[in-house]
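Every read-out reported here was derived from the displayed coordinates using simple, explicitly stated rules and does not represent laboratory data. What you see is a predicted model, and the numbers here were worked out from it, not measured in a lab. We place every Cβ from the backbone using ideal geometry, glycine too, and count neighbours over all the protein chains shown.
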Amino acid sequence: MNNLFAVGEQFTLQGGVVDVREFGNGNINNTFLVTVDGKGQKNFVLQRINTRVFRRPELVMSNMRTCTEHVVRRLQRTPLSAGSRWEVPRVLFALNGLDHWIAPDSSFWRAVSYITNSQSLDTIKDTDHAREVGRGLGMFHTLLSDLTPDSLSDTLEGFHITPLYLRHYEEVVVKGCARKSPEVNYCLRFVRDRKDWAHVLENAKERGILHLRPIHGDPKVNNIMMDTMTGRAVSIVDLDTVKPGLVHYDIGDCIRSGCNQLGEETDQWEKVRFDADFCRAILQGYLSMARECLSGNDLFYIYDSIRLIAFELGVRFFADYLEGNVYFKVRYPEHNFVRALVQFKLTESIESQETTIREIIRENG
């Protein structure tokens, strides 16, 4: 459906839509910032949910409402200290009274409130920013720590289950889709050398060492909103992937994305490295909020989670490239291949600093 103004007006209870523009740079959904001329808040975020990825989008919305309503109630019971700010993106109802709207072309749309006076950054700019990124994720985990994981649906079965991604990757490789090159051979060898280790978190879960909790699922740096005046974390957005899972996937993904200063979209993959100073700051911020929610076993597996998530994402990008770019949005045919190289080089850098990273975890845990 091309008339975005008409879609936006399905979620405006008063006033008309005066502007719609693309917003953010997500790889899955299409996101727009809508401006209205009515009273009250002037903007909201409009998204077309990718139903090839989220096959039960109504459950995505149910999870989002369960999560955000729980946080609102908790903050009402235990308000933050004076001067502190934390907001949740509220689900906006459509004119039909539902939390979504299905267009005539069957596309699935939803709207959420816009977090005013905030910004997101694709990469961490300094250690203060890194500390706030960690604190933001720690706030999210803490506010959901008393929400039972059974109250959330598993909207993406297999999401962040590394052995399942490996199984799919191996099925793709068997088909012989890859055109051989030194870089392709590097990726094939990289995955082969680590496929047995990649079960580390799932094995710990099966043994009862790690336990399911509500997780965000995609706490990249640019999903944690910063107050434009104070530089403090004030929200975490993009709640499509909220589900039961291991908090380690969140911790690992946050640190993975934050400690690569070149960002995952860089084409200078040979120069990618893991910044241990940013890692220290993120963990300091995270544990300052969430330490009481973690056990000794949870702390022990944080290094593995950082290494694993970078590896997992590299596997996913590489498999998608080999399949013809069927999952992630791309700007050119080799885009997912370059993304995979970035994640594998990041994994190598993490591995080379294992002793340092484990010491950082010990110092702050």
Gyration tensor verdict on the stretch 106-249 (Cα atoms; rounded if a/c is under 1.5, prolate if a/b is larger than b/c, oblate otherwise): prolate
I'd like to know which of W109, L212, Q261 lies farthest towards the positive end of the charge dipole of the chain, counting +1 on Cβ of Lys and Arg and -1 on Cβ of Asp and Glu. W109
When a footprinting reagent is the concern and you count Cβ atoms within 10 Å, what order do F140, F317, F54 take, fewest first? F54, F317, F140
Over all distinct alpha-carbon pairs, what is the Kirkwood Rh of the stretch 257-358 in angstrom? 14.6 Å
Count neighbours as other Cβ atoms within 10 Å of each site's Cβ, and list the trypsin sites (Lys or Arg not before Pro) in the stretch 1-55 that are DSSP loop with at most 14 such neighbours. K39, R52, R55
When F337, F159 are ranked with the fewest other C-beta atoms within 10 Å first, the list becomes F159, F337
So if I restrict to the alpha-carbon atoms in the stretch 4-114, what is the Rg, and what is Dmax, the biggest pairwise distance, in Å? 14.9, 48
Give, rounded to the nearest 20 debye, the magnitude of the charge dipole that the stretch 4-114 has about its Cα centre when Lys and Arg contribute +1 at Cβ and Asp and Glu contribute -1 at Cβ. 460 debye
How would the chain be classified by its alpha-carbon gyration tensor: rounded, prolate or oblate, with rounded meaning a/c under 1.5 and the a/b versus b/c comparison settling the rest? oblate
Taking square-rooted eigenvalues a ≥ b ≥ c of the alpha carbon gyration tensor, is the stretch 189-237 rounded, prolate or oblate, where a/c under 1.5 means rounded and, failing that, a/b exceeding b/c means prolate? oblate
How would V172, V112, V60 line up from fewest to most surrounding beta-carbon atoms within 10 angstrom? V172, V112, V60
